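The values are calculated or read from the model by the stated rules, or taken from the named source; none is laboratory data. Nothing here was measured: the structure is a model prediction, and the numbers come from that model. Please note: Cβ atoms are built from the backbone with ideal geometry, for glycine as well, and neighbour counts cover all protein chains shown.
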Amino acid sequence: MSVPDQLKYTKTHEWANVEDDLVTMGITDHAQHELTDIVYIDDFPDVGSEVTKGQVIAVVESVKAVSDVYAVVSGTLEAINEDLSTAPESLNSAPYDAWIAKIRCTHPDDIDSLLSAEDYSASIAE
């Protein structure tokens, strides 16, 4: 499984790319591998709405399961990846390029609580 060092992670298998206070997020390679063929993603909050760390911000459906995607930080939902509505399979083929949402973080401590690549790798190896 690919776990890029420059990203942060959650125990619920989301990745986060932190650039100042803007956090781009998606699901990890491990998550997409467990889900298998992703066929649908939906149930996004409205862009501009406030989200809370741990809040469900999307639902991913695969041929195998339905899984919630959780906000990695609290803040304002700045963007959602509209391309996923017509190409959800890109979450399988390129999980670290197929971002799901961008959140303007309003609680910097949320970023500090994310896992390093090393810690995330250890958690999925168990």
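Whenever a residue of region 27-44 is closer than 27 Å to Glu118 by Cβ, it has no partner that is of a type in the set (Phe, Trp, Tyr) and loosely packed, with under 14 Cβ neighbours inside 10 Å lying with C-beta atoms less than 7 angstrom away and at least six residues away or across chains.
Checking region 60-68 against the condition returns no match, with no residue being within 22 Å of Glu19 (Cα to Cα), outside any loop (DSSP other than H, G, I, E, B) and modelled with pLDDT of 95 or more.
Is it the case that Lys53 is in a loop (DSSP other than H, G, I, E, B), basic (Lys, Arg) and at pLDDT 95 or above? When the stated conditions are applied, Lys53 passes them. Considering the conditions (1) free of Cβ contacts under 8 Å to residues at least 60 places away in the same chain; (2) surrounded by 21 or more Cβ atoms within 10 Å (Cβ to Cβ), Glu19 is excluded by exactly one of them, (2).
Only one of the listed residues (Ser85, Ser49, Ser93, Ser62) is over 15 Å from Leu7 (Cβ atoms) and either aromatic (Phe, Trp, Tyr) or surrounded by 14 or more Cβ atoms within 10 Å (Cβ to Cβ) (or both). That residue is Ser62. Count of region 45-74 residues, restricted to those that are of a type in the set (D, E, K, R) and either under 16 Å from Thr12 (Cβ atoms) or in contact (Cβ under 8 Å) with a residue 60 or more places away in the chain (or both), is 2. Can you confirm whether Val72 is on the phi < 0 side of the Ramachandran plot, buried (at least 21 other Cβ atoms within 10 Å of the Cβ) and either part of a loop (DSSP other than H, G, I, E, B) or not hydrophobic (A, V, I, L, M, F, W, C) (or both)? Considered against the rule, which asks whether it is on the phi < 0 side of the Ramachandran plot, buried (at least 21 other Cβ atoms within 10 Å of the Cβ) and either part of a loop (DSSP other than H, G, I, E, B) or not hydrophobic (A, V, I, L, M, F, W, C) (or both), Val72 comes out as yes. Identify, please: which residue in region 110-120 is in a helix (DSSP H, G or I) and within 16 Å of the chain's Cα centre (by Cα) and is, among those, nearest to Asp21 (Cα to Cα)? For region 110-120, the residue satisfying everything is Ile111. Scanning region 1-44 for residues that are of a type in the set (Val, Ile, Thr) and either touching a helix residue (DSSP H, G or I) at 6+ places or on another chain (Cβ under 9 Å) or on the phi > 0 side of the Ramachandran plot (or both) gives Val3, Thr10, Thr12, Val18, Val23, Ile27, Thr28, Thr36, Ile38, Ile41.
Restricting the search to region 75-101, which residues are touching a residue at least 40 places away in the same chain (Cβ under 8 Å) and either in contact with a helix residue (DSSP H, G or I) (Cβ under 6 Å, 6 or more places away or on another chain) or assigned to a strand (DSSP E or B) (or both)? Of everything in region 75-101, those that are touching a residue at least 40 places away in the same chain (Cβ under 8 Å) and either in contact with a helix residue (DSSP H, G or I) (Cβ under 6 Å, 6 or more places away or on another chain) or assigned to a strand (DSSP E or B) (or both) turn out to be Gly75, Glu78, Leu91, Asn92, Pro95, Ala98, Ala101.
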